[in-house]
Amino acid sequence: MWADKRYHSLDYEMKARYGHKIYKIALDGGFTCPNRDGHIDTRGCIFCSAGGSGDFAASRRLSITEQIEEGKQLLAGKRLSGKLEVGSKESPMPCYIAYFQAFTGTYDHIERLRSLYTEAIRRPEVAILSIATRPDCLSPEVLDLLSELNQIKPVWIELGLQTIHPHTADYIRRGYPLSVYDTAVCELHERGIEVITHVILGLPGETTDDMQATADYIAHQPIQGVKFQLLHVLKGTDLYTDYLGQSFQTLTLDEYTDILIRCIELMPPEMVIHRITGDGPKNILAAPDWSRNKKQVLNHIHHCMKIRNTWQGRCYLQ
């Protein structure tokens, strides 16, 4: 339905827009988070690693240009639509998403944000600037800057919602109510900035109905993309402490696949699904162990969607 998949994948969308594959380079802008610096809390979200969910990003000791160059080298072995190697100095086409992944990507002085973002977006090989942040860290000055940059190249804002349910939001120490997310989405939408919402499936205490309710809620928001993330238990986090205390269990592969498919069925067909699982850093991953083989997990999900003869949007109601 979308090339070889039964959902509207990011890869499909990028090839439709640009005519070739686009690769993501994870960056670390040296940010912190209001949930860590004492503005809201000092402990961070309960599931967040010491790397601020940027464990696969480059070192913050490098400049943004150096991080991009390093990312290009890591991708240099891949081919771009059978043409030039990614990272080739001879390639004139934009091939990359510059992704500020670690911590809260809009939580800094506006002058420093402008410098970091501009350094990334002005590079000719960068097609898109993507920034992971919190909906409570989008001041009017930041929104104006994002709108300005969006006139140069597309800007994506990735918002870590995770759940719509207050009891779960309190448990994971998210630090803001759902209304703040709603306001952020509206302000970004008014400025023509694409929004991608992060949702975690398998949060302690949530039922299948709870997770489907979150999916249905975001399906009716003016956003353009969603990331469905499997709950990972990472060593060194407070979630890991609760896991060791057997206060909850992680989902099995079959349980996760069933819930994920139900959520995908609720998404409108035009919604881009940027992620359907995730791979925690293997050196600190405590559970679930089956998530270590990402390729096998993806194959299982795709197979189950085919067997169930289902697809994105099958249960979507406008």
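The values are calculated or read from the model by the stated rules, or taken from the named source; none is laboratory data. None of these values were measured; they are calculated from a predicted model. Here the Cβ is made from the backbone with ideal geometry for all residues, glycine too, and neighbour counts use every protein chain on show. What goes into the accessible areas is simple: the full protein's heavy atoms, side chains included, and nothing from ligands, DNA or RNA. Shrake-Rupley method; radii C 1.70, N 1.55, O 1.52, S 1.80 Å.
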Does any residue of the range 25-36 turn out to be without any contact (Cβ under 8 Å) to a residue 24 or more places away in the chain and open to solvent by less than 60 Å² (accessible area, probe 1.4 Å)?
no
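Tell me yes or no: at least one residue of the range 152-173 is farther than 30 Å from Ser247 by Cβ, among the hydroxyl-bearing types (Ser, Thr, Tyr) and under 20 Å from the mean Cα position of the chain (by Cα). Working first, answer last.
First, pick out the residues of the range 152-173 that are farther than 30 Å from Ser247 by Cβ: 152-157.
Okay, now just the ones that are also among the hydroxyl-bearing types (Ser, Thr, Tyr), so none.
No, every residue in the range 152-173 fails to be farther than 30 Å from Ser247 by Cβ, among the hydroxyl-bearing types (Ser, Thr, Tyr) and under 20 Å from the mean Cα position of the chain (by Cα).
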When the range 162-174 is examined, which residues are found to be crowded, with 18+ Cβ neighbours inside 10 Å, touching a residue at least 24 places away in the same chain (Cβ under 8 Å) and either farther than 14 Å from Gly202 by Cα or among the small types (Gly, Ala, Ser) (or both)?
Arg174
So which pairs qualify, if the first residue must be in the range 292-317 and in a helix (DSSP H, G or I), the second must be open to solvent by 100 Å² or more (accessible area, probe 1.4 Å), the Cβ gap must be under 7 Å, and the two must be at least 6 apart or on different chains?
Arg292/Lys282
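Right, Pro140: surrounded by fewer than 16 Cβ atoms within 10 Å (Cβ to Cβ), over 24 Å from Arg112 (Cα atoms) and more than 19 Å from the chain's Cα centre (by Cα) or not? Walk me through how you get there before you give the answer.
Details: surrounded by fewer than 16 Cβ atoms within 10 Å (Cβ to Cβ): yes; over 24 Å from Arg112 (Cα atoms): no; more than 19 Å from the chain's Cα centre (by Cα): yes.
So Pro140 does not fit the description; no.
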Does the range 221-257 hold any residues that are closer than 20 Å to Leu317 by Cα and open to solvent by 10 Å² or more (accessible area, probe 1.4 Å), and which are they?
Gln221, Pro222, Ile223, Gln224
What single numbered condition from (1) modelled with pLDDT of 85 or more; (2) closer than 21 Å to Val226 by Cβ fails to hold for Phe56?
(1)
Anything in the range 3-36 that is over 18 Å from Leu75 (Cα atoms), assigned to a loop (DSSP other than H, G, I, E, B) and either of a type in the set (Asp, Glu) or in contact with a helix residue (DSSP H, G or I) (Cβ under 6 Å, 6 or more places away or on another chain) (or both)? List them, or say none.
Ala3, Asp4, Arg6, Tyr7, Gly29
Could you check the range 144-174 and list, in sequence order, the residues that are within 17 Å of Ala120 (Cα to Cα) and in a loop (DSSP other than H, G, I, E, B)?
Asn150, Gln151, Ile152, Lys153, Pro154
Inspect all residues belonging to the range 281-295 and state whether any of them is open to solvent by 20 Å² or more (accessible area, probe 1.4 Å) and farther than 30 Å from Cys48 by Cβ.
no
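Being under 25 Å from Ala132 (Cβ atoms), assigned to a helix (DSSP H, G or I) and touching a Gly at 6+ places or on another chain (Cβ under 7 Å): is that true of Tyr256 here?
Values: under 25 Å from Ala132 (Cβ atoms): yes; assigned to a helix (DSSP H, G or I): yes; touching a Gly at 6+ places or on another chain (Cβ under 7 Å): yes.
In short, yes.
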Could you list, in sequence order, all residues of the range 182-208 that are in contact with a helix residue (DSSP H, G or I) (Cβ under 8 Å, 6 or more places away or on another chain), open to solvent by less than 10 Å² (accessible area, probe 1.4 Å) and closer than 29 Å to Asp144 by Cα?
Leu188, Ile193, Val195, Thr197, Val199
Can you give me the number of residues within the range 1-29 that are among the small types (Gly, Ala, Ser) and closer than 23 Å to Gln162 by Cα?
3
